[in-house]
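Each reported figure results from applying straightforward, stated rules to the coordinates on display, with no laboratory input. Since the model is a prediction, treat every value here as computed from it, not as a measurement. Virtual Cβ from ideal backbone geometry, glycine too; neighbours counted across all protein chains shown.
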Amino acid sequence: MAIVSSAAAGLRASRATIVQLRAPALSTAALEREAAALIVSASVPVLISSRCDVALASHAAGVNLPGSDISVADARTLLAERLIGRSVHSAAGAQAADRDGADYIIFGPVWRSASHPGVGAAGLAALTRVVRLVKIPVLAIGGVTEERVTELLASGAAGYAAIRLFE
């Protein structure tokens with residue numbers, strides 16, 4: 001999953017199997033325009049970070065919710081069968097997301113990440129534990145590099161999400 005801040009960046013993420021548009025500084029109207037431009041041109045599903053309203057307006061494939069966002073159940077009421085993911089930073093958060101009906105989890109940071117300075121790395125052992133505790137796919141995030149992908153997949157992760165890897 002490529003996490004991008006614009007339609008142009010999303011279209012450059014050619015290796016991604018899914019794109020998440022995350023642009024918290026944009027106004028609602030500007031975010032919807034970026035989402036619509038990305039969705040109409042992308043060859044992969046597009047998710048919107050944290051904004052169910054924009055996901056609906058732009059006909060996105062779904063939404064990814066940070067842990068502090070609305071509940072998965074409330075998002076499901078709005079989005080019906082669209083994809084709903086939850087970003088989590090602990091085993092307890094992963095289990096709650098699974099229990100609440102999320103379609104997938106983004107877990108991390110597995111390694112230290114420049115995009116989250118000051119946040120400690122969870123490590124591969126924590127990722128492996130989360131994968132074993134839940135029934136839904138777990139995507140690893142945080143410090144992902146080409147060299148680390150094999151380790152992530154060996155831990156049982158279904159895949160990975162990254163910002164810099166797709167820039």
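Quick one: Cα centre-to-centre distance for region 108-153 and region 46-76, in angstrom? Centre-to-centre (Cα) distance: 22 Å. Sorted ascending by nearby beta carbons within 10 Å, beginning with the fewest, H89, H116, H59 become H59, H116, H89.
With Cβ to Cβ distances under 14 Å as the rule, what net charge do the other residues near L124 carry (K, R +1; D, E -1)? Every neighbour counted, the sum reads +2.
Start at zero, step by 5 Å, and the Cα-Cα distances of region 2-166 spread as 2, 10, 19, 21, 22, 16, 9, 2, 0 percent across the bins.
Taking other residues whose beta carbon is less than 14 angstrom from the beta carbon of R51, and scoring Lys, Arg as +1 and Asp, Glu as -1, yields -2.
Summing charges over neighbours of L38, with a neighbour being any other residue whose Cβ is under 14 Å away from its Cβ, gives +2 when K and R count +1 and D and E count -1.
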